[in-house]
1. Work out Dmax and Rg for segment 71-171 from the C-alpha atoms and quote the Rg first, both in angstrom.
2. Semi-axes of the equivalent ellipsoid for segment 1-78, please: Cα gyration tensor eigenvalues, times 5, square-rooted, ordered largest first, whole Å.
3. Rolling a 1.4 angstrom probe over the protein chains, ignoring ligands and nucleic acids, what is the accessible area of LEU18 in square angstrom, nearest 10?
4. Starting from 0.36 nm per residue, how many nanometres of slack lie between ARG145 and GLU165 once their C-alpha separation is accounted for?
5. Which value at 222 nm does the chain reach when only helices count, each DSSP H run of 4 or more adding -39,500 (n - 2.57), with the total divided by all residues and rounded to the nearest 500 deg cm²/dmol?
6. So how do ARG68, ARG144, ARG137 rank on accessible area, 1.4 Å probe, biggest first, that is with the largest at the start?
7. Order the following by accessible area, largest value first: ASP113, ASP59. Probe radius 1.4 Å; ligands, DNA and RNA are ignored.
8. Identify which of the listed values of Cα Rg over 2.2 N^0.38 Å was calculated from the structure shown: (i) 1.10; (ii) 0.95; (iii) 1.01.
Amino acid sequence: MVVRNSHGCRIIQICFDLATRKEKNRMVDLIVKNANILAKHERANYAVQHVLKNGSKDDIEAVAKSFRGSYVALAKQKFASNVVEVCLRVVTFETKMKIVNELIDGVKYLLFDQFANYVVQNALAACRDQERAKFVRAIKPYARRMREDPSGKRILQKIETTWAEYTDAFQ
């Protein structure tokens, strides 16, 4: 695929920006069909991010939907974790909460991962108070071990500095 080449990836981004709606739909369909593979690739992930940042609401939701059931695994991948972070910033609130709930369900796999810890921090920031409290409750059983792990420490520090009202949960 052309998006796996650094020049090809940039060309795809330019083509997306200049394309007609019909052409964009075709490009989005191809990205959706291959989204999990493209998100993990060192160059192709930028094409996925470009659609997420510059596509229509329908484009964004289609790409985000294609990742359902894979968000935990993607969060642990070097390049795909950036794609997940973008999803958390650009999708509708309803879709964001589906992603957050998927991450909460797999939280034990994310807290000690060098890439996923950033996804967890962004997911916490994307939540409203009620969802954030649920996320913090899911993290709480791992707090002791997190204090001894570099990735875990980053998450706890973010919670303590940004959402001080949750620090009692970790005492």
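The values are calculated or read from the model by the stated rules, or taken from the named source; none is laboratory data. The shown structure was predicted, so the numbers you read here are calculated from the model rather than taken from an experiment. Every residue, glycine among them, receives a Cβ derived from its backbone with ideal geometry; neighbour counts consider all protein chains shown. When the accessible area is computed, the model is the full protein with side chains, heavy atoms only, and any ligands, DNA or RNA have been set aside. Shrake-Rupley method; radii C 1.70, N 1.55, O 1.52, S 1.80 Å.
1. 12.3, 35
2. Whole-Å semi-axes of the equivalent ellipsoid: 19, 15, 9.
3. Rounded to the nearest 10, that gives 140 Å².
4. That works out to 5.1 nm of additional length.
5. Calculated mean residue ellipticity at 222 nm is -21000 deg cm²/dmol.
6. Reading off the accessible areas and sorting them downward yields ARG144, ARG137, ARG68.
7. Sorted by accessible area, descending: ASP113, ASP59.
8. (i)
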